[in-house]
Every structure is written in structure tokens, then in C-alpha cells.
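A short worksheet on the structure shown next.
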Amino acid sequence: MAKPGKTQTGSVDVAESYAARLMQHLVVPTFVIDPKRRVVIWNRACERLTGVAASEVIGTSKHWQAFYETRRPCLADLVARDRPEQLPEFYSEYAARGHNGLGFSAENWCVMPKLGNQLYLAIDAGPIHDEAGQLIAVVETLRDLTDQKRAEMALKELATKDGLTGLSNRRSFDQMLMSEWARAERTQKPMALLFVDVDHFKLFNDHHGHQTGDECLRAIAAVVSRHAVRPLDLASRYGGEEFALILPDMDCDAACVIAEEIRIAVMALRIVHGASGAGEHVTLSVGVASRMPGAADGGPDRLLGEADEALYVAKRLGRNRVICAERVLAEFVRADRGAHRLPVAANRRSSRG
């Protein structure tokens, strides 16, 4: 008759063996690491998900190579090290389920080097303790949410993009303007805004038809978009034939250079206009303003007003030009139009065309 101790040990061995075999056949991609963060189980579903065979990682701490190109901890590693404070550093979406043995949850884009493509994975990692409360393993499970994430991103893009031009829509512009204004307040750096308006666009539509008018707007949008080159620059369709370009960390002189490049690039398209009262080709008028937020500025309304006024002046002075808000009066004097008084803002919109 076997001694009780041996019977108990034998039962534990059988249970562990059964658990290991069961984990191998789980349809959920799963791997297990020991307290030293070495892989002890890498199941078949995990092999299929990552393209990495178990033989490549078992007994090593190289499991990160299945998900990332440069070394960084996986979620199981953070659980093994009990480092919830590092979650924000490595995962944009996460949840620490407490220090009571429940582990962490996170979502993340993984580059999947073996597969050569990116996957968006939902990750759960939880610790296993012995009867004395000592950590003996960490189990990480993975779910591929790539299709759902891409669908979510596509819906979000539809909500923020203008359907005709593909630029950001007015809603995105308003949100970005507020967030960049707040950032400019913190950094005390200037923020520039361009208002770009197609000259005599109503005449163009009447002369060529709305389908050609749409093609014209798409061509101009492509030019404007090419000049939003930095990560925080935003090109948007502000409304109708008007576009706006947010240029953070930029003064008026630098913004005017970009505005002039856009104006010249559209002239180079040589889109035929030819309507009575307009020029031979489509041109742009551009208003430019740049401000550094101050204590008296409650929001970006003053910047909007200055760019709008500069655009109006560009229209009044003959169109097909760039006007900076800082030099509005100088432009009137230079054009020998000093006698003209700027109308109030409420009248400016109705004068455009």
C-alpha cells in the first residue's frame, strides 16, 4: 500500500500533467511563464496566432519576440513582476484588476514579426499561487480583435472625414482647434490658422456644373492636404468651398510661406474657370493668422476672427493672394485703398464668392 505522501504527490503530478495537456488543446491562444519569466507552456493556438513554434520559446524569456520587434515586457511579465504602475507605459488601453491575484487586462497593437503583419490583441494575464501564496506561474491568454478594431477605426474615420474631399470635417476641425489651443497655452508657442477660399466658386459651379465643381474641390483639397505634413497639422474642409489648415507651433511668417505655396500649387493645376467675371483659371484667396494664447484669450475665437478677416481682405483686394492678419492695414495702404473701412465680421461672410 502506498504511503499517503506518495499518493498525494502522485495525484498532484497527474493533475499537473492533465492541466498541461488540456492547455495545449485549448482553442484560446495561451502561454505560461514561471516566476523567472521563462516560458513553460506555449499552446498550439498560440503557435497559430503568432507563427512562433513552442520549441523556439519554451525554456526561454524570448516570448516578447513573437509580438514585438524590440525587447519590451509582455503583460505576463508585468504580472510576474507585480508592476501595475508600468501598464500606461506599454499599453494605451489597460485595466489592473488589483493585487488580490486577479492580474491585468489590456489591448494593444502587436507587430507580429513572424507573420509580417499587425494584430490588435486583447490580452489577459493572471498569476497562479501555491498554497503558501508564492507565485508559481503566470498565464496569459490572447484574443485577436483586429477585424473589430479596424471596423471601429473605419467608423470613427467616417465620423471625422468629409465625404467629398477626404479631409477632416468641421467637427474634427473644431475639436482639434480647441485641443491645440490648450496645448499652445501650456507650451506658450504660437499657433497658426489658414483659411483658404476658392475664388468665384459659385460662378464656377454655375458655368461648369456641380460634378465638375466637386472635382475641382477634390483637386484643391489634395493640394491643401499635402501641406499638412507634421503629425499635429490638420487640413479640413471648413464648409462649402472653404478649407482650413491648423499649423501648431508656427508664427505668421512661416504660415504665410505655406499659404503662398498652396496658392501657387493650385494655380499650377490650371483648372479652367472662364466664367464671366472670373479669371481664366481657378485661384485661391488665403487668410493667415497666428497667435500665442495669452491670459486674456479665453479660447481660439480671436484667432478664428483674425484669419477670417484676413481672408475677407484678400477678397476685397482682388482675390488670388495671401493676406496675413498682422499686416492687414499695411496691405490696404500698399494697394492704395486706405480709405476703405473694414466692415464688421457679421457682414464678411455674405461678401464672399
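If a residue has to be outside any strand (DSSP E or B) and either among the acidic types (D, E) or open to solvent by less than 60 Å² (accessible area, probe 1.4 Å) (or both) to count, how many in the range 112-142 make the cut? Show your work before the answer.
First, pick out the residues of the range 112-142 that are outside any strand (DSSP E or B): 112-118, 130-134.
From what's left, either among the acidic types (D, E) or open to solvent by less than 60 Å² (accessible area, probe 1.4 Å) (or both): 112-113, 130-131, 133.
The total comes to 5.
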**OP:** Would you mention how many residues in the range 257-266 are β-branched (V, I, T) and either in a loop (DSSP other than H, G, I, E, B) or in contact (Cβ under 8 Å) with a residue 12 or more places away in the chain (or both)?
**Re:** 3
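To keep it simple, each residue is scored yes or no on (1) of a type in the set (D, E, K, R); (2) surrounded by fewer than 22 Cβ atoms within 10 Å (Cβ to Cβ).
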| site | (1), (2) |
| --- | --- |
| R183 | yes, yes |
| K189 | yes, yes |
| D199 | yes, no |
| G209 | no, yes |
| E215 | yes, yes |
| V224 | no, no |
| R230 | yes, yes |
**OP:** Report yes if T141 is of a type in the set (S, T, Y) and closer than 17 Å to W42 by Cβ, otherwise no.
**Re:** yes
Subject >> Lone unmet requirement of (1) in contact with a helix residue (DSSP H, G or I) (Cβ under 7 Å, 6 or more places away or on another chain); (2) crowded, with 22+ Cβ neighbours inside 10 Å; (3) over 18 Å from L232 (Cβ atoms) for A314 >> reply: (1)
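Going by what's in this entry, would E85 be described as open to solvent by 80 Å² or more (accessible area, probe 1.4 Å), modelled with pLDDT under 95 and within 31 Å of the chain's Cα centre (by Cα)? I'd like the intermediate steps shown before the answer.
Working: open to solvent by 80 Å² or more (accessible area, probe 1.4 Å): yes; modelled with pLDDT under 95: yes; within 31 Å of the chain's Cα centre (by Cα): yes.
Yes, satisfied.
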Original post:
What pairs can you find where one residue is in the range 146-166 and without any contact (Cβ under 8 Å) to a residue 60 or more places away in the chain, the other is open to solvent by less than 80 Å² (accessible area, probe 1.4 Å) and hydroxyl-bearing (S, T, Y), and their Cβ atoms are less than 7 Å apart, with a gap of 6+ or different chains?
Top reply: T146/Y120; K149/Y120; T160/S168; T160/S172; K161/S168
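Hey, among I33, I58, I41, which residue is at negative phi, at pLDDT 90 or above and open to solvent by 40 Å² or more (accessible area, probe 1.4 Å)? Spell out how you get there, then give the answer.
Values: I33 fails: open to solvent by 40 Å² or more (accessible area, probe 1.4 Å); I41 fails: open to solvent by 40 Å² or more (accessible area, probe 1.4 Å).
Unique residue meeting the criteria: I58.
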**OP:** Six or more apart or on different chains, Cβ under 7 Å: which pairs go from a residue in the range 310-330 that's on the phi > 0 side of the Ramachandran plot to one that's assigned to a loop (DSSP other than H, G, I, E, B)? Could you list them?
**Re:** R319/D199; R319/T283; N320/D199; N320/T283
**OP:** Looking at (1) open to solvent by 10 Å² or more (accessible area, probe 1.4 Å); (2) touching a residue at least 60 places away in the same chain (Cβ under 8 Å); (3) within 21 Å of K202 (Cα to Cα), find the lone condition where L269 falls short.
**Re:** (2)
**OP:** Take the range 158-171 and flag every residue that is over 15 Å from E242 (Cβ atoms) and open to solvent by less than 100 Å² (accessible area, probe 1.4 Å).
**Re:** A159, T160, K161, G163, G166
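Filter the helices (runs of 4 or more DSSP H) completely within the range 22-96 down to those with at least 3 residues that are in contact with a strand residue (DSSP E or B) (Cβ under 6 Å, 6 or more places away or on another chain) and touching a residue at least 12 places away in the same chain (Cβ under 8 Å). First the steps, then the outcome.
Values: elements: 44-50, 54-57, 75-81, 87-90.
Per the criteria, 75-81.
Restricting the search to the range 284-296, which residues are touching a helix residue (DSSP H, G or I) at 6+ places or on another chain (Cβ under 8 Å) and either open to solvent by less than 30 Å² (accessible area, probe 1.4 Å) or free of Cβ contacts under 8 Å to residues at least 40 places away in the same chain (or both)?
Here is the first cut: in the range 284-296, the ones touching a helix residue (DSSP H, G or I) at 6+ places or on another chain (Cβ under 8 Å) are 284-293.
Correct list: L284, S285, V286, G287, V288, A289, S290, P293.
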Original post:
Do you know which residues across the range 273-282 are within 21 Å of A219 (Cβ to Cβ) and surrounded by fewer than 19 Cβ atoms within 10 Å (Cβ to Cβ)?
Top reply: G274, A275, G279, E280, H281
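Every residue, every condition in (1) under 17 Å from R321 (Cα atoms); (2) modelled with pLDDT under 95, yes or no:
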{"position": "I220", "(1), (2)": "yes, no"}
{"position": "S236", "(1), (2)": "no, no"}
{"position": "E241", "(1), (2)": "yes, no"}
{"position": "G274", "(1), (2)": "no, yes"}
{"position": "H281", "(1), (2)": "yes, no"}
{"position": "D301", "(1), (2)": "no, yes"}
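The values are calculated or read from the model by the stated rules, or taken from the named source; none is laboratory data. The shown structure was predicted, so the numbers you read here are calculated from the model rather than taken from an experiment. Every residue, glycine among them, receives a Cβ derived from its backbone with ideal geometry; neighbour counts consider all protein chains shown. The protein model used for the area step is the full one, side chains on, heavy atoms only, and it has no ligands, DNA or RNA in it. Shrake-Rupley method; radii C 1.70, N 1.55, O 1.52, S 1.80 Å.
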